[in-house]
Structure formats: C-alpha cells, structure tokens
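Below is one structure, written out as structure tokens; comments come after it.
Only the coordinates and a few stated rules stand behind these numbers; no lab work does. Predicted model, so just to flag it, every value in this text is computed and none were measured. Reconstructed Cβ throughout: ideal geometry from the backbone, glycine too, with neighbour counts over all protein chains shown.
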Amino acid sequence: MRLLVILLTLTLPSMMMAEPAANRTCRIIFLKAPADAPTRLQLFDGVQSQEVELPRMNFSPVVQISAATNTIFMLDRAITDAKLLPVGSPQVAIGQQVKDFYLLVSPDPKNQIIPIRLQVVDASPQKFAKGHMMWFNLSENLVSGKIGSQVLKMAPGTKKLLDPPSNQLGEYGVLLNFQMKGEEKLYPLTQTRWRHDPESRAVIFIIKEPGSRTPRVMGFPDSRVPAK
C-alpha cells in the first residue's frame, strides 16, 4: 500500500492566525501552481489594492476585503481607481451574504493578463463551523473511505462538508481508497492517523499528481484566534 505524506497537522501553533476585525475576510491558496507562477500579486476590491501572498502549501494570512465590493480582481501592479483596471484581469464575484471565504487560485493559460483563475468558496462560520472538514476532490478518481467516525465518498470534481471526525482533541484513523476511471477495483490511497482539534477547521484537497495514477491528498488547518 502506498502511504502518502499528508500535510495535515491541525494544531501547529505556527498555523494559528489572528483574525482581523473586518466585515469580510479571506485566505488564499494557489493550487497546482507552475514553477514560474507569481508568489505575490495585488488584490483590488474596488476600494483599494493590497499585496497578497499566493502560497502553495499553506493558506495565506487573513486578508481583509471591503464589505462594499461584490467583485475582486488580481493584478500585477497596484491601482487606486477601477477605471485603471486592465481589461481581462482575473476576477471573481462574491455573494453579498459571504463574510468569510477561501480564494482558490489555479492556473489559466488562456488569460493573457495574468494566467490564473479565481474561485470563491464560502467559509462563513454558519456554513463551515469549527471542528468540521471541507473536502475538494479535484482529481479524476472516485475516492472513498473512513475519516475517523465519518464515511467519505466523493465523485471527481465535487466538494463535501464533513462533520467532525472525532468528538475530542486527539488522533483519529484515516483510510482512503480510490478507483481508476472506468474501473470498479479499489486501490489504496492512504492509511494513517491525523490529529483533530475541535477549535480548528480543516480543508482537504485531493488533486491529480503529474506522472502518477495515484492522486495526492493535501490538508490544511484553518485555526484563528480573535483579534484583541
């Protein structure tokens, strides 16, 4: 059985982010970024530009977004007026009810301004509570198994919210299998133990691994302490 290295440590102090007092917040991650992709860009929310990080193996620090905006843009330079927006700049709409979200960045070679695509995922507390898990299957495989006390079954290209895998702080078992497209046979993906923190949310991505038939599992905690 191939045992994948799981990047999921839900209680690392270094991952505890101070949550700014703001009407709308987000954290950013750049999935499957090419080697030459930018690591920082300017996020324009219609009011101001701010430089943001585009981490590959972690979420960015918490970013404050104007509550007055319904659309955000990524730019390679700061601007102070929406009239200066380059035509075709990567952009994404934000629902008015969304107060906290994840901004998923992915490659888009068709965009001639900046070759990226943006996706907003609602992470408002009433939608995604502490202790819960948010799974994304971005692979071409059906993935199934047991996550602590929870059963997981995900078709390719789907998202799933999972209840807490345990009712207490501590380790829990993880057993995942996958199926090749057009096959019924189950192949082992990983069998390991993760650590559950009831005060932290966890976001898990299952992605296609270049050069391998086995998908990759990447997990990131989202632990925040209220700003004082």
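Brief remarks on what is shown
- For the stretch 129-226, the orientation-averaged shadow of the C-alpha convex hull comes to 6.4 nm² (one quarter of the hull surface).
- Listed values (i) 0.96; (ii) 1.02; (iii) 0.98, entry calculated as Rg/Rh (Cα atoms, Kirkwood Rh): (iii)
- Maximal additional length on extending the Glu51-Ala35 stretch stands at 3.8 nm, based on 0.36 nm per residue less the C-alpha distance.
- In order along the stretch 171-184, phi translates into HN-Hα couplings of 7, 9, x, 10, 9, 10, 10, 9, 10, 6, 4, x, 10, 9 Hz, rounded to whole numbers, per the Karplus curve 6.51 cos²θ - 1.76 cosθ + 1.60 with θ = phi - 60° and x for Gly and Pro.
- Per-pair calculated FRET efficiency, R0 = 30 Å: Asn58 and Ala93 via Cβ, rounded to 0.05: 0.70
- Zone of Val120's modelled label, taken as backbone nitrogen in the stretch 73-88 under 11 Å from a point 7 Å along Cα→Cβ: 73
- Mean sequence separation of contacting Cα pairs (under 8 Å, at least six apart), scaled by the length of the chain, corresponds to a relative contact order of 23 percent.
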